[in-house]
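After the structure tokens below, expect a handful of questions from me.
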Amino acid sequence: MALRVLMLTQWFDPESFFKGLVFARELQRQGFEVEVLTGFPNYPGGKLYPGYRVRWYQKEMMDGIRVNRVPLYPSHDRSAWRRVLNYASFAASSLIYGLFFARRPDVIYAYHPPLTVGVTASLIRLFRRIPVVYDVQDMWPDTLKATGMINSPKLLRVIGKVCQWVYKRVDHIVVLSPGFKKLLIERGVPAEKVTVIRNWADEKSLLEPKGQLPDSFPTSDYFRILFAGNMGKAQALDAVLDAAALSETKSANIVWIFLGDGVEHEQLKRRAADMALQNIVFLPRVPGSEVGSILSAADALLVHLRKDPLFKITIPSKTQAYLAVGKPILMAVEGDAADLVQEAQAGLAVQPEDANALYQAVLRLSMLSDEQRAAMARAGKAYYQEQLCLEVGARRFGKVISEVAGGRAA
């Protein structure tokens, strides 16, 4: 009989989420029976998706997978209180459903963030004796501090203690980088309780892209370096503007492209205008199905995070997307992410928040031959397929789930 897995996650399709339906389908393909417990889709805008309204309960069938939706307060703005209400409302409703109404699974797979999902999973485990595999994608409270979301030392300590409580109660923890595992071990989690499984990308949208290039996308007369994704404080993109200013001063034939949005988006546009930069192009956020065509049109792809101890052990999710697309990568992140790109021989790594280093690296990429850049791209794509793709990652998860079910299921 197939092992039954309950995926407990606050976010799920149609929200753009690489560990949503594609992950559930792959687990099902590998022989597991998968059911989902989630909320009503509202991420990242905080508004309910068309065709949905908050109800006490809604069941859907998506590609043969049962999806149970429970109520939450839809919000994802900068208000801390509304964000807390969003997390807490889903935690409460999913706990009630998980305790009293969910069909008994063999294993619960719980996705973090937010931490409240881990609390719910731990409480269900306590009362129903169902083992939990906990997928930690953000290291709380470190991420909350590094991104400026929470600055209160007292509140950060409380969140840290809750994290420790969850870590003790779940049966196994999966993390996305060796640095995450090392940090958990330093915080008292047994090494044998933690497995590193690196993330994969949204392969369908990247490898089967739709949509056309925007009219404002630069032509091949220029070397086009592209940053895609969230533009927040953690990305420290002012340094990239400074690098663009350097390249313009030196008359380098380079265009810097920013694709996406975020809390710093408008500030970056204003600063670029104040600096009178002519080699900057801002493109609005596009649906996930259209991102691949834009990434593929660039000559190189940029990852940038500010200097912070947390980011030395973080591998930004766009890294896997860039590898899957097959383009040279400029990794301006210290630690595990830089190690990954160098191991894959897929590009260059430089220190973050160093405008001159960024400029020099982009200049170096632009001066490589087409074949040298193509070799980087091929190496990155091959590394992704062999080490990071959905099938490989899901198979590793399947092994962990089977071991947890066999060793701890009631």
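What follows is calculated from the coordinates using simple rules that are stated; it is not laboratory data. These numbers were taken from a predicted model, which means no experiment stands behind them. Every residue, glycine as well, gets a Cβ built from its backbone with ideal geometry; the counts of neighbours run over all protein chains shown.
Rounded to the nearest 0.05, what FRET efficiency is calculated for Y57 and L207 with R0 set to 35 Å and r the Cβ-Cβ distance?
So the FRET efficiency works out to roughly 0.45.
First select every other residue whose beta carbon is under 15 angstrom from the beta carbon of G292; then total the charges, Lys and Arg +1, Asp and Glu -1.
It works out to a net charge of +2.
Could I ask something else about it? How would you rank M1, M231, going from fewest to most other Cβ atoms within 10 Å of each one's own Cβ?
Ordered by Cβ neighbours within 10 Å, fewest first: M1, M231.
While we're looking at this one, here's another question. Enumerate by residue number the GluC sites (Glu not before Pro) in the stretch 1-70 meeting two conditions: DSSP loop (anything except H, G, I, E, B), and at most 10 other Cβ atoms within 10 Å of the site's Cβ.
none
What FRET efficiency do you get for Q360 and F101 if R0 is 51 Å and r is their Cβ-Cβ distance, rounded to the nearest 0.05?
0.30
Check A228: other-chain or 5+ apart residues with amide H under 5 Å from its amide H, H built from backbone geometry?
Sorted by chain and number, the residues that satisfy this are L259, L302.
Name the long-range amide H neighbours of V196: under 5 Å, sequence gap of 5 or more, or other chain; modelled H, no Pro or chain starts.
Sorted by chain and number, the residues that satisfy this are V175.
I need the GluC sites (Glu not before Pro) found in the stretch 181-222, filtered to DSSP loop residues with at most 13 other beta carbons within 10 Å of theirs.
When the GluC sites (Glu not before Pro) of the stretch 181-222 are filtered for loop state and at most 13 Cβ neighbours within 10 Å, nothing remains.
Taking only the alpha-carbon positions of the chain and ignoring solvent, what does the Debye formula give for the base-10 log of I(q)/I(0) at q = 0.06, 0.07, 0.09, 0.13 Å⁻¹?
-0.25, -0.34, -0.56, -1.16
Next question. Averaged over every viewing direction, what's the projected area of the C-alpha convex hull for the stretch 204-387? Give it in nm², one decimal, please.
Its Cα hull, projected and averaged over all orientations, spans 9.6 nm².
So how do 254-267, 80-93 stack up, highest first, on mean other-Cβ count within 10 Å?
254-267, 80-93
To continue, here is another question. For the chain, build the charge dipole from Cβ charges (+1 Lys, Arg; -1 Asp, Glu) around the Cα centre, then report which of S251, A324, L48 sits farthest towards its positive end.
L48
What ranking, highest mean first, results for peptides 97-106, 137-146, 293-302 when packing means the other Cβ atoms within 10 Å averaged over each residue?
The most tightly packed comes first, giving 293-302, 137-146, 97-106.
Amide H neighbours of V34 under 5 Å, at least 5 residues apart or on other chains, H built in the peptide plane: list them.
Here V5 satisfy the definition.
Starting from the Cα of E343, step 7 Å along the direction of its Cβ; do the same at R66; then give the gap between the two resulting points in nm.
Taking the simple label geometry, E343 and R66 are separated by 3.9 nm.
Out of the stretch 1-79, which chymotrypsin sites (Phe, Trp or Tyr not before Pro) are coil in DSSP terms and have no more than 10 other C-beta atoms within 10 Å?
Within the stretch 1-79, the qualifying chymotrypsin sites (Phe, Trp or Tyr not before Pro) (loop, at most 10 other Cβ atoms within 10 Å) are W56.
For the pair S402 and A374, what calculated FRET efficiency results from E = 1/(1 + (r/R0)^6), where r is the Cβ-Cβ distance and R0 = 30 Å, to the nearest 0.05?
0.15
Calculate the length of the line joining the C-alpha centroid of the stretch 381-403 to that of the stretch 325-341, in whole Å.
So the separation of the two Cα centres works out to 20 Å.
Follow-up question, since we're still on this one. Excluding Y383 itself, what net charge comes from residues whose Cβ is under 15 Å from its Cβ, given Lys and Arg +1 and Asp and Glu -1?
Summing Lys and Arg as +1 and Asp and Glu as -1 gives -2.
Something else now. Could you state the angle between the C-alpha long axis of helix 238-249 and the longest principal axis of the C-alpha atoms of the chain, as a value from 0 to 90 degrees rounded to the nearest 10?
20
OK, next. Would you tally the net charge around G347, using a Cβ to Cβ cut-off of less than 10 Å, leaving G347 out, and scoring K and R as +1, D and E as -1?
It works out to a net charge of +2.
Quick check on the stretch 70-122: what are the equivalent-ellipsoid semi-axes from the Cα gyration tensor, as sqrt(5λ), descending, whole Å?
In descending order, the three semi-axes are 23, 12, 7 Å.
Starting from the 7 Å offset along Cα-to-Cβ, what nm value, one decimal, do you get for the label separation of Q387 and Y49?
The modelled label-to-label distance comes out at 3.2 nm.
Pop out the ³J(HN,Hα) list for the stretch 325-341 in order, Karplus 6.51 cos²θ - 1.76 cosθ + 1.60 with θ = phi - 60°, rounded to Hz; leave Gly and Pro as x.
5, x, 9, x, 10, 9, 9, 9, 9, 7, x, 4, 5, 5, 4, 5, 5
Got a sec? How would H76, H172 order by Cβ neighbour count within 10 Å, fewest to most?
H76, H172
Given +1 on the Cβ of Lys and Arg, -1 on the Cβ of Asp and Glu, and no further charges, what dipole in debye does the stretch 204-387 carry about its Cα centre, rounded to the nearest 20?
Result for the stretch 204-387 is approximately 180 debye, rounded to the nearest 20.
For the stretch 82-96, take each phi angle, set θ = phi - 60°, evaluate the Karplus expression 6.51 cos²θ - 1.76 cosθ + 1.60, and give the result in whole Hz per residue in order, putting x for glycine and proline.
Those phi angles translate into 5, 5, 4, 5, 4, 5, 5, 5, 5, 4, 5, 5, 5, 5, 4 Hz.
Taking the Cα centre of each part, how many Å lie between the stretch 84-139 and the stretch 157-230?
Distance between centres, Cα-based: 20 Å.
Suppose every K and R has +1 on its Cβ and every D and E has -1 on its Cβ; what is the size of the dipole of the stretch 271-373 about the Cα centre, in Debye to the nearest 20?
So the dipole magnitude of the stretch 271-373 works out to roughly 200 debye.
Just want the answer: with Cβ charges of +1 for Lys and Arg and -1 for Asp and Glu, which residue in S122, L305, G260 is farthest toward the dipole's positive end in the chain?
S122
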